[in-house]
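Everything on this sheet refers to the single structure shown next.
The values are calculated or read from the model by the stated rules, or taken from the named source; none is laboratory data. Note that the structure is predicted; figures quoted are calculated from it, not measured. Here the Cβ is made from the backbone with ideal geometry for all residues, glycine too, and neighbour counts use every protein chain on show. Protein only, heavy atoms only, side chains kept; ligands, DNA and RNA dropped before computing areas. Shrake-Rupley method; radii C 1.70, N 1.55, O 1.52, S 1.80 Å.
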Amino acid sequence: MAKQFHFDDEDDIQEDYQSSYLDELENKKENAPYISIDEEDDNEEEEPMKKKKKGFVMKWWHYVLILFGVLAIAFIVYIAVLSLHDGPVYGNRCEGMVSISKDARDSTISTIEEKYDEIESMTVSTECRQLKVDIIFKAKMDTDKAKKIAEETVQTLDEIVGREKADGKTYSDLFGIIDGVTQYEVNVFMMSSDSKDFPIYGTKNVQNDEFSYTLASVKDEESAKKAQETLTDE
């Protein structure tokens with residue numbers, strides 16, 4: 001085997017190089033900041049905690065906004081329910097009622113308005129168990145004629161709907177009882193300017209053919225005069 005040639009001072013150079021490298025590595029370790037494994041773990045845990053602390057916090061005005069939002073939703077739902085029922089919500093009170101169609105009401109209005117020139121406008125509507133007739137007459141309308149027109153309006157509607165009438169009755173069971181269910185009572189409101197009796201309120205209860213009226217004027221003028229004289233004497 002051939003003997004490898006080398007310089008005599010090669011070993012010394014190698015030893016000096018290794019010693020220098022080790023010293024340099026040792027100096028780097030001494031100058032580097034010391035970080036333990038435990039400290040690194042602690043730092044990693046602290047950062048998420050800080051992020052959690054900086055998360056969204058509810059303030060008082062957030063609760064106010066939420067409250068307004070809930071109220072707005074409740075109001076929208078309420079309006080939707082009203083629109084489905086075409087008026088106030090009456091629950092079971094309206095079950096079993098015979099429907100009076102809009103066509104029947106419109107036909108009644110057309111018939112009465114064409115017949116009487118004294119009418120400026122009128123509406124006929126239903127709300128659960130009530131039939132409402134509102135009439136605005138021209139100025140200085142005669143009270144008795146206004147009552148006659150109001151009652152004729154209800155009779156005309158009754159005829160257009162076409163329910164059966166019992167013998168001797170002015171109105172059909174539409175204003176009585178059908179299958180054990182009480183049907184419509186009538187409320188009338190009439191207006192006319194330059195007339196002491198107006199506004200006039202009229203009502204007709206179920207199974208009663210007669211209307212009762214309340215006038216704006218004082219019925220017993222003599223009693224009113226005596227009451228006024230008593231107040232003056234005092």
Next on the checklist: If a residue must be more than 21 Å from Cys128 (Cβ to Cβ), of a type outside the set (S, T, N, Q) and assigned to a strand (DSSP E or B), how many such residues does region 199-216 contain?
Outcome noted: 2
Item to check | Filtered residues of region 157-200 (kept if of a type in the set (Gly, Ala, Ser), open to solvent by less than 20 Å² (accessible area, probe 1.4 Å) and more than 30 Å from Lys140 (Cα to Cα)) | outcome: Ser172, Gly176
Checklist entry - Which residue out of Lys148, Lys165 is modelled with pLDDT of 95 or more, closer than 20 Å to Thr108 by Cα and of a type outside the set (A, V, I, L, M, F, W, C)? => result Lys148
Item to check | Output for region 153-197, where each listed residue is of a type in the set (Phe, Trp, Tyr) and within 35 Å of the chain's Cα centre (by Cα) | outcome: Phe175, Tyr184, Phe189
Checklist entry - Taking region 97-146 as the search range and keeping residues that are surrounded by 13 or more Cβ atoms within 10 Å (Cβ to Cβ) and of a type in the set (Gly, Ala, Ser), which one is farthest from Lys204 (Cα to Cα)? => result Ser107
Next on the checklist: If I filter region 94-117 for residues that are touching a Cys at 6+ places or on another chain (Cβ under 6 Å), modelled with pLDDT under 90 and of a type outside the set (Phe, Trp, Tyr), do I get at least one hit?
Outcome noted: yes
Next on the checklist: On the basis of being exposed (fewer than 10 other Cβ atoms within 10 Å of the Cβ) and at pLDDT 70 or above, does Met49 make the cut?
Outcome noted: no
Checklist outcome for this item: With criteria (1) under 24 Å from Glu95 (Cβ atoms); (2) touching a residue at least 24 places away in the same chain (Cβ under 8 Å); (3) of a type outside the set (Ser, Thr, Tyr), Asp173 comes up short on (2)
Next on the checklist: Scan region 75-82 and tell me whether some residue there is open to solvent by less than 90 Å² (accessible area, probe 1.4 Å), more than 30 Å from Met191 (Cβ to Cβ) and either in contact with a helix residue (DSSP H, G or I) (Cβ under 7 Å, 6 or more places away or on another chain) or at pLDDT 80 or above (or both).
Outcome noted: yes
